[in-house]
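Any read-out appearing in this document is the output of simple, stated calculations on the displayed coordinates, not a laboratory observation. Note that this is a predicted model, so its numbers are computed, not measured. Note that we place each Cβ from the backbone using ideal geometry, even for glycine, and neighbour counts take in every protein chain shown.
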Ligand SMILES: Nc1nc2c(c(=O)[nH]1)N[C@H]1C(S)=C(S)[C@@H](COP(=O)(O)OP(=O)(O)OC[C@H]3O[C@@H](n4cnc5c(N)ncnc54)[C@H](O)[C@@H]3O)O[C@H]1N2
Ligand code: MOO
C-alpha cells in the first residue's frame with residue numbers, strides 16, 4: 001500500500017495572512033528538498049481564473065473534463081454535481097512529501113491556526129483543536145506558536161513533527177541541530193528600561209529619528225556670521241567692514257536679523273542668525289568691539305551646519321533585535337528618548353550531573369573533581385546576555401537528574417546540563433528526560449569536540465544536555481547552543497560571527513571528518529592570525545585557556561601550516 005502523505009491544514013479567518021504565510025512556506029520547504037502539494041478550499045475566484053482561455057471555452061461547451069498540458073505543467077478541470085470528498089481529492093495527489101491545505105477546518109488532520117490578535121481577530125478553531133499557531137502574539141503556553149515571519153521555524157516544526165520517522169535522530173549535522181532547536185518556538189518578552197541601563201541589551205523596537213540633530217542651523221567654529229553677498233568684492237586691498245550686531249554663544253537664540261552691512265559674533269554651536277549664510281573664523285578677520293573686517297569672499301553656506309546634518313528626521317537609529325551600544329545610547333539621549341524597549345534577558349538554568357562532582361568550595365576527596373563547568377558555562381551565558389540560575393548537582397540517578405531538570409524548568413526559559421550523555425552505564429540523561437515526558441530532539445551531533453550531547457524539549461522549553469568533558473561542553477554551547485540562545489534573547493543576527501584568519505602555527509593532524517580547534521586571536525604582519533592552544537583535549541579545562549576563537553578545520557584537511565587561511569567563530573559574539 002502506498003505510504004500516506006502527511007497533511008497539514010492552515011486555518012484562520014479571511015485576512016489572517018494564511019495565503020501569504022503558505023506562499024512563503026512553500027519555497028522554504030522546497031529549499032529543504034521536499035515536494036509540496038497545496039489544496040485550497042472554497043476559492044471560487046481562483047476557479048474562475050483557472051477556466052480562462054481555451055479551457056474555459058471547452059468547459060463551457062459542456063466537456064465533463066478538460067485537461068491542459070505544457071512542457072512542465074498539467075491542469076485538469078472536471079465538472080462535478082457535488083463537491084468531491086476530501087479523501088477523494090487527497091487520493092489524487094501523488095509523489096509529494098507533504099500536502100498543505102488552506103482553509104479546511106474539518107477532517108482529522110493536524111491544523112495550524114493563523115491569526116492576528118492585534119487586529120482584533122479571533123482564532124478560527126478552539127486551541128485544543130490546533131497543533132500549533134502562527135500569530136502576531138503568543139497564544140497559549142501549551143501551544144507551539146510561531147511569529148508571522150518565522151517560516152523557517154514552521155518548516156522545521158512540520159518536518160520534525162510530521163515528516164520524520166518516530167524516535168530521535170542520532171549524530172546529525174551541526175546545521176541540522178541548530179535548525180531543530182530554532183524550530184522550538186520562543187517569544188522574547190520585552191520591557192522598557194532606562195537608557196542608562198541599556199548598554200549590551202537587545203533593542204525591542206525599530207527606532208527612527210523623529211527630530212533633526214541639530215534641529216537648527218549652527219556654527220561649527222568661533223567667528224563671525226554674515227551675508228556672503230556683502231563680501232563678494234572683499235580683498236586684501238579693499239576689505240569689507242561690517243558692523244557687529246550681537247554676540248551669539250551656544251545656547252542663546254539670536255535677537256537680530258542680519259541686514260546688509262552687518263555681522264554677528266558667533267561661538268561654536270551658536271545658532272546662525274536669520275539673514276546670515278556664512279561664518280568666517282576669527283583667525284581670518286580683523287575685528288574690534290564694534291566692527292569686523294573681511295578681506296576675501298566666501299561661497300554661501302560656508303561653515304554652516306544645516307539642520308539634520310548629523311541625524312535627519314526619519315533616519316534609522318537602531319533596528320529591533322540589534323545590540324544597544326554606547327553610541328546608540330547617546331543618539332537616543334540626543335533625541336530625548338530616556339527609556340527604550342528591550343528584550344528581557346532569558347533565564348537559563350544550569351544542572352550538573354555526576355557522582356564525581358563536588359562544589360568548587362569543597363575540599364578535594366578521593367576520585368572527586370570540582371564542578372568547574374558550572375562556572376565556565378554560567379560565565380559564557382552571562383556574558384552573552386542571559387540570566388543564569390543554578391539548578392545544582394545531580395548524582396548519577398535517573399530520579400535525581402529528572403527532579404533537578406523538573407525544578408530547573410520551572411525556574412527558567414531553558415536548561416543546560418553537563419554530563420551523562422555518552423554511552424556508559426552512568427549516562428542517564430536520556431532516561432531522565434524520557435521519564436519527564438520530554439521529546440528528545442536528537443542525540444549527538446557530528447562535531448568534534450562536543451559531539452556527545454542530547455537536545456530535548458518539554459512544554460516548549462529546550463533542554464540542552466552537554467557533555468561532561470569541559471571543553472566539549474563549552475564548544476557545543478557556542479556552536480549549537482548560542483544560535484538558539486540568541487533567538488531566545490530576541491537577537492536579529494543569530495549564531496556566532498565567523499571571520500577569516502591565517503594559521504600562526506601548524507596543526508598537522510589529518511582531519512578526514514573535519515574538527516574544531518580551540519585558538520587565540522593574534523595579530524602578525526597586519527593579519528589576524530589563529531594560534532592553536534597547545535592542548536586540544538576535550539576533557540581538559542586548560543584547552544579553553546585564552547581561547548577566543550573556534551577554528552573550523554574542514555573535512556578532508558590533511559594538515560594546516562603557517563599562513564593557511566581558515567574560518568573561525570568568535571566565541572560569544
Ligand atoms: N565508550 C565510549 N565512551 C565515550 C564516548 C563514546 O562515544 N564511547 N564518548 C566520549 C566523549 S567524546 C565524550 S564528550 C564523553 C561524554 O561523556 P558524558 O557527557 O557522559 O560525561 P561524563 O562521563 O559525565 O563526564 C566526562 C568527563 O567530564 C568530567 N566532568 C563531568 N562534569 C564535569 C563538570 N561539571 N566540571 C568538570 N568536569 C566534569 C567527568 O568527571 C569526566 O571526566 O564521553 C566519552 N566517552
Ligand atoms: O563528544 Mo566529545 O564531546 O567529542 O568530546
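Give the shape of the range 506-568 as rounded, prolate or oblate, defined through the alpha-carbon gyration tensor: a ≥ b ≥ c are the square roots of its eigenvalues, a/c under 1.5 means rounded, and otherwise the shape is prolate if a/b is larger than b/c and oblate if not. It comes out oblate by the Cα gyration axes.
Helix 18-31 and the long axis of the chain differ in direction by around 80°, with both axes built from C-alpha atoms.
With R₀ set to 30 Å, the beta-carbon distance separating residue 14 from residue 76 gives a calculated FRET efficiency near 0.65.
If R0 is taken as 56 Å, the Cβ-Cβ distance between residue 122 and residue 446 corresponds to a FRET efficiency of 0.80.
Would you mind ranking 24, 345, 497 so that the residue whose beta carbon has the fewest other beta carbons within 10 Å leads the list?
Working: 24 17, 345 23, 497 11.
Neighbour counts put them in this order, fewest first: 497, 24, 345.
With r as the distance between the Cβ atoms of residue 31 and residue 88 and R0 = 45 Å, compute the FRET efficiency 1/(1 + (r/R0)^6) and round to 0.05. Working shown, then result.
Working: r = 31 Å, r/R0 = 0.70.
With a Förster radius of 45 Å, E is 0.90.
Among 471, 418, 532, rank each residue by its count of other Cβ atoms within 10 Å, from fewest to most, as a rough exposure measure. It would help to have the intermediate numbers written out before the result.
Numbers: 471 26, 418 30, 532 19.
Listing 471, 418, 532 from fewest to most nearby Cβ atoms yields 532, 471, 418.
Model label sites at residue 522 and residue 64, defined 7 Å from Cα along the beta-carbon direction, differ in position by 8.4 nm.
One chain, two ends: residue 570 and residue 250. Fully extended at 0.36 nm per residue, the span grows by 110.7 nm beyond their Cα-Cα distance.
Between the Cα long axis of helix 398-411 and the first principal axis of the chain there is an angle of about 40°, rounded to the nearest 10. For the pair residue 383 and residue 542, the difference between a 0.36 nm per residue extended length and the Cα-Cα distance amounts to 55.3 nm.
From the Cα gyration tensor of the range 223-294, with a ≥ b ≥ c the square roots of its eigenvalues, which class applies: rounded if a/c is under 1.5, or else prolate if a/b is larger than b/c, or else oblate? Display every interim value, and only then the final one.
Values: a/c = 1.90, a/b = 1.56, b/c = 1.22.
Prolate is the answer for the range 223-294, as a/c is 1.5 or above and a/b outweighs b/c.
In the chain, helical runs assigned H by DSSP with n ≥ 4 each contribute -39500 (n - 2.57); averaged across all residues and rounded to the nearest 500, the mean residue ellipticity at 222 nm is -5500 deg cm²/dmol. DSSP finds beta bridges in the range 7-167, and of those with both partners inside it, around 20 percent are antiparallel. Fully extending the segment from residue 216 to residue 359 would add 45.3 nm, taking 0.36 nm per residue of separation and subtracting the current Cα-Cα distance. When only alpha carbons are used to place a centre, the range 128-147 and the range 376-427 end up 27 Å from one another. Over 20 Å apart: what share of the alpha carbon pairs of the range 458-573 falls there, rounded to a whole percent? The calculated P(r) of the range 458-573 puts 45 percent of pairs beyond 20 Å.
Relative to the longest principal axis of the Cα atoms of the chain, the long axis of helix 373-384 makes an angle of roughly 50 degrees.
Our note on the geometry: Cα centres of the range 327-360 and the range 272-326, 40 Å apart.
Going by how many other Cβ atoms sit within 10 Å of their own, how do 401, 231 line up, fewest first?
Numbers: 401 27, 231 20.
Ranking 401, 231 by Cβ neighbours within 10 Å, fewest first, gives 231, 401.
Once you order the gyration tensor axes a ≥ b ≥ c over the Cα atoms, which shape class does the chain get: rounded for a/c under 1.5, otherwise prolate or oblate by comparing a/b with b/c?
Values: a/c = 2.41, a/b = 1.39, b/c = 1.74.
Oblate, since a/c reaches 1.5 and b/c is not below a/b.
Please report, to one decimal in angstroms, the Kirkwood hydrodynamic radius of the range 64-190 built from all distinct Cα-Cα pairs. The partial results should precede the final answer.
Details: mean 1/r = 0.0565 Å⁻¹.
So the Kirkwood estimate lands at 17.7 Å.
Modelled spin labels at residue 399 and residue 191, positioned 7 Å past Cα toward Cβ, are 3.8 nm from each other.
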